[in-house]
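Notes follow the structure.
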Amino acid sequence: MNDFIFHNPGKVYFGRNQIENLPNELLKFGKKVLLVYGGGSIKKNGLYDTVTELIHKNGMELFELSGVEPNPRHTTANKGAEICKKEKIDVILAVGGGSTIDCAKGVAAAAVTYDGDVWPLVSGGKWITEALPIIAVLTNAATGSEMDAWAVISNMDTNEKIGLGGSALIPKVAFENPEYSYTLPTYQTACGAFDIFNHVLDNYYLAGDATFDMILDMQEAVMRAVVKWAPIAMKEPENYEARANLMWASSMALNTVLDAGTVHGCACHAMEHELSAYYDITHGHGLAIITPRWLTYILNDETAPAIYRLGVKVFGIKEGLSDKEGAKGAIDALSKFCFETLGLKSTLTELGINDEHFKSMAEHACTGSVITGPKDLTPEDVENIYRMCL
Ligand code: NZQ
Ligand code: ZN
């Protein structure tokens, strides 16, 4: 077991009637609020009206950055930073899914720099310790951005999608009302669910000896919750219990509670971000296509016991098989979950992706070296895995 520091200062209001606390939390930072949101889902489901009414009623001044794209662009974050500088914004309010919250983080970081450009921060890998405060109202259980220190920003001119991290990027407060995700389309529910699953899986496998039992059990509990509640949320979008379990699972997966000295890996994420950067696909779907192939590729005598354990604890496959046989059963169960239960297309070919850019994507995913993990992946390994996904 490794030593570790746990420090997540994010505050969460969880549940049906918590939004009434929003004005008090915003006013702690000031009266000038930049509302950041996506392509309009919050206007359709009434959340925009709820939030703006609370802001106006409580004497705050409202500015807006709308149209944040899924896979948010650096150019959009820069527009937000320009508003912040010009209007002397006190606090940024992100209302939406991971893309909106990530864009708000990009805005918050860029707004306190001299030229207001987020891209040098992203591409330079700078750890952000200064930024405007962010408050998030979550509408999609998926990325964990509502409680984590990361934002993923895309530059479509250079086909790059890169994480921007920093302690200053953790939202000061997050509002999580499962009802806000009732209007989420089935496809996004499925993709979000698999994103949560994969965040935990990345951690689970790299953990190895550094994990203590309690943490393994907690990780498995979060993955089991996804497997149990995602199909229910897909069939019954207004099932509170299902939406609530997924929403808290989203936060738990990346708020570092499940780290506890383990190493958080990112093999599938590194490979997926290249797909989104080149083809603008939905993150969770890319992960679902890659993950079973990655597990198949890394399956060997060393990794088999952990993969088998996942099958037993999360998918309920039977005990007493050989490690290899059990691990294969686990991968089959995971594939069924992705492509039958969640109903996601199972190949890159079906998403219109061919091998044209695999070589450059693989090299970029490995950032000039290897992707570390249960089995380190070279660019050649990554290219092989992409090919298995066709
Ligand atoms: O843009 P709007 O109109 O709001 O519609 C969105 C968007 O079209 C819609 N949506 C969200 N909530 C809704 C809703 N529609 C109806 N009702 C609701 N309640 O869903 C679509 C997808 O939204 P998006 O925010 O893109 O999804 P998600 O939350 O999955 O975020 C994905 C982004 O986060 C990054 C991904 O790479 C991707 O760019 N990630 C961020 C991470 C982080 N910050 O730590 C980690 C993750 O691994 C991930 O990489
Ligand atoms: Zn993810």
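The values are calculated or read from the model by the stated rules, or taken from the named source; none is laboratory data. Computed from a predicted structure; not experimentally measured. Cβ sites come from the backbone with ideal geometry, for glycine too, and all protein chains shown count toward neighbours. Accessible surface areas use protein heavy atoms only, side chains included; no ligands, DNA or RNA. Shrake-Rupley method; radii C 1.70, N 1.55, O 1.52, S 1.80 Å.
Numbers for the structure displayed
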{"item": "Selection count, region 336-390, where residues are open to solvent by less than 80 Å² (accessible area, probe 1.4 Å) and within 16 Å of Leu287 (Cβ to Cβ)", "result": "22"}
{"item": "Selected residue (only one of Asn21, Asn78, Asn58 is more than 15 Å from ligand 1 (Cβ to nearest atom) and touching an Asp or Glu at 6+ places or on another chain (Cβ under 8 Å))", "result": "Asn78"}
{"item": "Qualifying residue in region 197-214 (condition: open to solvent by less than 30 Å² (accessible area, probe 1.4 Å) and without any contact (Cβ under 8 Å) to a residue 24 or more places away in the chain)", "result": "no"}
{"item": "From the options Val263, Val226, residue that is within 20 Å of Glu146 (Cα to Cα) and either assigned to a helix (DSSP H, G or I) or in the same structural domain as Pro305 (by TED's automatic domain parsing) (or both)", "result": "Val226"}
{"item": "Residues of region 70-94 that turn out to be part of a strand (DSSP E or B) and touching a residue at least 60 places away in the same chain (Cβ under 8 Å), as a count", "result": "4"}
{"item": "Qualifying residue in region 41-57 (condition: crowded, with 20+ Cβ neighbours inside 10 Å and either of a type in the set (Phe, Trp, Tyr) or in a strand (DSSP E or B) (or both))", "result": "no"}
{"item": "Subset tally (residues that are under 14 Å from Leu62 (Cα atoms) and either open to solvent by 10 Å² or more (accessible area, probe 1.4 Å) or not assigned by TED's automatic domain parsing to the domain that holds Gly46 (or both)) for region 90-122", "result": "1"}
{"item": "Residue selected from region 230-256 under the condition among the aliphatic types (A, V, I, L, M) and open to solvent by 20 Å² or more (accessible area, probe 1.4 Å), by the criterion nearest to ligand 2 (Cβ to nearest atom)", "result": "Leu254"}
{"item": "Test: residue in region 249-264 that is in contact with a Leu (Cβ under 6 Å, 6 or more places away or on another chain) and in contact (Cβ under 8 Å) with a residue 12 or more places away in the chain", "result": "yes"}
{"item": "Residue identified as open to solvent by 20 Å² or more (accessible area, probe 1.4 Å) and modelled with pLDDT under 95 among Val227, Val263", "result": "Val263"}
{"item": "Lys318 being assigned to a loop (DSSP other than H, G, I, E, B) and open to solvent by 50 Å² or more (accessible area, probe 1.4 Å)", "result": "yes"}
{"item": "Complete set of residues in region 272-295 that are among the polar types (S, T, N, Q) and either within 12 Å of the chain's Cα centre (by Cα) or more than 10 Å from ligand 1 (Cβ to nearest atom) (or both)", "result": "Thr282, Thr291"}
{"item": "Qualifying residue in region 209-227 (condition: within 16 Å of ligand 1 (Cβ to nearest atom) and among the basic types (Lys, Arg))", "result": "no"}
{"item": "Conditions (1) within 25 Å of the chain's Cα centre (by Cα); (2) surrounded by 13 or more Cβ atoms within 10 Å (Cβ to Cβ); (3) not in a strand (DSSP E or B); number of the one not met by Val12", "result": "(3)"}
{"item": "Qualifying positions in region 95-110 - within 10 Å of ligand 1 (Cβ to nearest atom), in contact with a helix residue (DSSP H, G or I) (Cβ under 6 Å, 6 or more places away or on another chain) and within 15 Å of Trp150 (Cβ to Cβ)", "result": "Cys103, Lys105"}
{"item": "The one condition in (1) aliphatic (A, V, I, L, M); (2) in contact with a Gly (Cβ under 8 Å, 6 or more places away or on another chain); (3) not assigned by TED's automatic domain parsing to the domain that holds Val227 that Ile196 fails to fulfil", "result": "(3)"}
{"item": "Residue count for region 162-183, restricted to those that are buried (at least 24 other Cβ atoms within 10 Å of the Cβ) and near ligand 1 (Cβ under 10 Å from one of its atoms)", "result": "4"}
{"item": "First in region 273-289 and acidic (Asp, Glu) and assigned to a helix (DSSP H, G or I), second anywhere and within 13 Å of ligand 2 (Cβ to nearest atom) and open to solvent by 10 Å² or more (accessible area, probe 1.4 Å), Cβ under 9 Å, 6 or more apart", "result": "Glu274/Lys161"}
{"item": "Where Val112 falls short, out of the listed (1) under 18 Å from Pro133 (Cβ atoms); (2) in contact (Cβ under 8 Å) with a residue 24 or more places away in the chain", "result": "(2)"}
{"item": "Complete set of residues in region 283-297 that are within 14 Å of ligand 2 (Cβ to nearest atom) and surrounded by fewer than 23 Cβ atoms within 10 Å (Cβ to Cβ)", "result": "none"}
